[in-house]
Amino acid sequence: MQFIIPLLMLVLGALGLYYALRDLVYTARCSTRADGVYLENKTYGSRGGGEVSPVFHYRHGGKEYKQATFQTFTAKKAAENLIPGQVYDIWLDEAHPQRFVVQRGLQLETALFFAMGIVVLVFGVVLLL
């Protein structure tokens, strides 16, 4: 029974690190610039609030895509910064052109998941000792 909380902390810390590292790798692979027409948001959460993933229409390698980015933003930030029908620079993963980012570089959410993952993982290890 005494190992349940430390093991849960290890699992949660590992999940936080996995999410952050996956996001960093995906973002780093998105290095090919393309013109994307912003269409709408794919909404996560209730009543249009919460997180959104912008949906863009773009062409690459002779194919057309209508895809949501794997990045999420607050609905407010997306509404302030993206206008439907406008063309924006997006950055594609050349090997997987359906994967793209709107903002390059380290995102605050990714940094927080990484830091929290490390802290929770370390506390889990300390509690096991």
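The values are calculated or read from the model by the stated rules, or taken from the named source; none is laboratory data. Being a predicted model, the structure only gives us computed values, none of them experimental. All Cβ positions, glycine included, derive from the backbone under ideal geometry; neighbour counts span all protein chains shown.
List of remarks:
- Criterion violated by G13 - all others in (1) farther than 30 Å from A79 by Cα; (2) exposed (fewer than 14 other Cβ atoms within 10 Å of the Cβ); (3) at pLDDT 90 or above satisfied: (2)
- Yes/no for A95 being surrounded by 14 or more Cβ atoms within 10 Å (Cβ to Cβ) and of a type in the set (A, V, I, L, M): no
- Number of positions in region 98-117 that are among the hydrophobic types (A, V, I, L, M, F, W, C) and buried (at least 18 other Cβ atoms within 10 Å of the Cβ): 5
- Check on V52, β-branched (V, I, T), in a strand (DSSP E or B) and buried (at least 19 other Cβ atoms within 10 Å of the Cβ): yes
- In region 100-129, the residues that are in contact (Cβ under 8 Å) with a residue 12 or more places away in the chain and within 14 Å of T72 (Cα to Cα) form no Cβ pair under 6 Å with any partner that is assigned to a loop (DSSP other than H, G, I, E, B) and among the charged types (D, E, K, R), whether six or more places apart or across chains.
- Screening G50 with (1) under 20 Å from I118 (Cα atoms); (2) touching a strand residue (DSSP E or B) at 6+ places or on another chain (Cβ under 8 Å) gives one miss only, at (1).
- When residues of region 19-38 are limited to those that are without any contact (Cβ under 8 Å) to a residue 60 or more places away in the chain and part of a helix (DSSP H, G or I), the one nearest to the chain's Cα centre (by Cα): R22
- Qualifying residue in region 30-48 (condition: in contact with a helix residue (DSSP H, G or I) (Cβ under 8 Å, 6 or more places away or on another chain), surrounded by 14 or more Cβ atoms within 10 Å (Cβ to Cβ) and under 30 Å from F123 (Cβ atoms)): no
- Output for region 1-10, where each listed residue is free of Cβ contacts under 8 Å to residues at least 40 places away in the same chain and β-branched (V, I, T): I4
- Taken over region 78-129, the criterion of being assigned to a helix (DSSP H, G or I), of a type in the set (S, T, N, Q) and more than 16 Å from A20 (Cβ to Cβ) is satisfied by N81 alone.
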